[in-house]
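Accompanying notes for the structure given below.
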Amino acid sequence: MTYLEILRKYWGYDSFRGIQSDIIQSIGQGKDTLGLMPTGGGKSIAFQVPAMAMPGLCLVVTPLIALMKDQVENLKRVGIKALFIHSGMTHDQIVTALENCVYGGYKFLYVSPERLSTEIFKKKIRHIDVSMICVDEAHCISSWGYDFRPSYLEIAEIRKLLPSVPVLALTATATPRVVDDIQDKLCFAEHNCFSMSFARKNLSYVVRNTENKDAEMIHILNKVPGSAIVYVRNRRETKEIAEKLNAAGISADYYHAGLENMIKDQRQNAWTLGMVRVMVATNAFGMGIDKPDVRVVIHMDLPSSLEEYFQEAGRAGRDGKRSYAVLLYAPGDKRIMHKRISDNFPQKEFICRVYECLGYYYEMAVGDGEGCRYNFSMAEFCNNYSLPLIPTESALQILTKMGVIEYVDQMEYAARVKIVISRDSLYSINLPSFQEELLQTLMRMNGGLFSDHVIIDQMYLAARLGCNKELVVENLIKLSKQRIVNYVPEQKTQVIVWTKCRIETDKLYISKLIYDDRKEDLSARIESMLEYVTRTNACRSQILLEYFGEKHTEPCGQCDLCLERDSHGMKRAQFRKIEQSILKRLEQDSCSEKDLFLLPFEESEIEAVLKYLISEEQVCYSSKGFALTHKSEDPASNG
């Protein structure tokens, strides 16, 4: 079948959108390909269609477990064989899934990047007929990207095992520098990038200067009906603001990374189905959200980069209807932003001190420790050694980038169960019917329950029993209290891994690339973010587009600056349009006022803009007429 026939058969569309066709043709020809497609641009079509046309299996690397599940279910629904592997699965389940890929004729295997480094995956992938590798959220591989994830670097190692397999990298946000870095890190045979414009014609960007952000947020939500997201910087604020919104009669809930997975799923589903209008969240809420009718995204705090802001703001209006991205700004925010630099990059002496304290914390001798893995309590560690929390976490992240340790903020551990009474005793106990069925199902699904703790998948167990996960957990706890089983619930914990032997602290070397260059890069990102909120003489959309490498764009006509009326009575968008036309004309040569009046605008409007350009010293007037100021300074222009 042709690509178009595949698109029609499985997805019901008659034509491709934007750069989808270009990307599909490129990867279909076996070329390493990078696609820059803004949120809502149809990334899944760009890799699923060519994969269906190629023999073998498409390996999809994505950090989003929720996205894996949704896409696998959607593919199965249209008759395409697909499965996924993630950290919540047992070893046996992972082996079974990989064996199915070897022998079962599957077309898609979704994996989290952390799975790529496991020995079982590396062993099995050699025997799988892989047609292409798709890297979703590809900006995560760039250390210059706003969301760098070291686990993505494992993709280059997988490429060595599959040297003839092409790679398709997809992302919605990347600066020109990150675009190049993605292709280098993924070992592209040659640079090959297709990009769509980052312009969102239905999205109005707005900055509100306010001393009372809560009141302004409530005012906006009362004014703009429909689904909304409110982003904040810390977990505590999510709950506080959700409570304020509910008190104001606006239905809201909150979401952050520290919540149990079950609770996160419930809240996201309630919001997606419209049972809750507003989700107040940290940036943990976002990637993989498939809700097209979000009418407004409000940022209570400034993100640390325009990439982060553009990604989060872009979750509004994916259905193409008028939507708003509103950023609330107060004078004190500038100081807070600059403090993030020192918080993220504490003094090098402090980083060395944190490393030394880790040695004391684990009683680790110099020369020992390589490969050792320990649970970690940030609160206890900081309390024991009188260390400030935020700089300490940043120091651990820098030590991780240096490769001397690995700090994992939240490692998920699956639930485990062991039956602690004998088999004969178990059969002699009179249990409620559900608990009896639960134990019987557990024993059928898992061997060795009487001898050791066995990892269990509670969602899968619930599905087998035809109930919800909460009922399974509730009864496992009851059985544990009766001392029939020993139940260890699923949990999240921080982890420290000593990737190298501990060295003398004075020999710890913090390189310029790891520290100085990245500190400078963060400073530049923060300055770009501050410029975005403080500039008044430009279009918000143009500022964003220029940041992502798009030049010579038109004012959007719908951001707060474009709609704001100047003293001369023109809308800012019209003013900027005339300004650009005059400057473009004067780039060719100096000209008279009469020549400028030939431009397709009212004479009074042209006069008003000329006065502004002269006051700003962009244009000067002489006997030769009007000219660009910088040209008058060029010796070649003097007669």
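General remarks:
- Solvent-accessible surface ranking, highest first, for 480, 227 at 1.4 angstrom: 480, 227
- Inter-label distance for residue 459 and residue 418, nm, one decimal - labels placed 7 Å from Cα along Cα-to-Cβ: 2.7
- With Cα atoms as the point set, the stretch 98-154 shows a radius of gyration and Dmax of 13.0, 40 Å.
- nm² value of the averaged projected area, convex hull over the Cα atoms of the stretch 135-284: 12.0
- Heavy-atom accessible area, probed at 1.4 angstrom with all protein chains present, ranks 191, 338 as 191, 338, highest first.
- Overall size of the stretch 447-486 from C-alpha positions, given as principal axis extents largest first: 27, 22, 11 Å.
- According to the Cα-based calculation, Rg over Rh for the stretch 213-349 is 0.98, with Rh computed by the Kirkwood formula.
- Counting only Cα atoms, the stretch 505-588 measures 65, 30, 17 Å along its principal axes, largest extent leading.
- Over the stretch 413-541, relative contact order from alpha-carbon pairs under 8 Å, at least 6 apart, %: 32
- Alpha-carbon centroids, the stretch 8-36 and the stretch 496-556: separation in whole Å: 32
- Each Lys or Arg adds one and each Asp or Glu takes one away; over the other residues whose Cβ falls under 14 Å from the Cβ of residue 386, this sums to -1.
- For residue 485, distant residues with modelled amide H under 5 Å away: 420, 480
- Partners for residue 401 among lysines (Cα-Cα distance below 21 Å; same-chain residues under 8 apart left out): 185, 348, 500, 507, 512, 519
- FRET efficiency estimate (nearest 0.05) - Cβ-Cβ, residue 617 to residue 261, R0 51 angstrom: 0.30
- With kT/(6 pi eta Rh) evaluated at 20 °C and eta = 1.002 mPa s, and Rh the Kirkwood radius from Cα pairs, the stretch 375-529 diffuses with a coefficient of 109 µm²/s according to Stokes-Einstein.
- For residue 478, the aspartates and glutamates whose Cα falls under 19 Å of its own Cα, not counting residues fewer than eight places away in the same chain, are 436, 437, 457, 470, 490.
- Note on the stretch 55-186: Cα convex hull, mean projected area over all directions, 7.8 nm².
- Identified option (computed semi-axes √(5λ) of the Cα gyration tensor in Å; candidates (i) 50, 30, 27; (ii) 44, 33, 26; (iii) 59, 30, 23): (i)
- Reachable lysines, given that their alpha-carbon falls under 25 Å from the alpha-carbon of residue 611 and they are not under 8 places away in the same chain: 571, 577, 584, 594, 624, 631
- Label zone at residue 429, where the point sits 7 Å out along the Cα-to-Cβ direction: the stretch 440-469 residues whose backbone N lies under 15 Å: 440-443, 449-451
- Between the stretch 409-478 and the stretch 215-288, the Cα center-to-center distance that results, in Å: 34
The values are calculated or read from the model by the stated rules, or taken from the named source; none is laboratory data. All values derive from a computational prediction rather than experimental measurement. Don't worry about glycine lacking a Cβ; one is built from the backbone with ideal geometry, like all the others, and counts go over all protein chains shown. Calculation scope for accessible area: heavy atoms of the full protein, side chains included, ligands and nucleic acids excluded. Shrake-Rupley method; radii C 1.70, N 1.55, O 1.52, S 1.80 Å.
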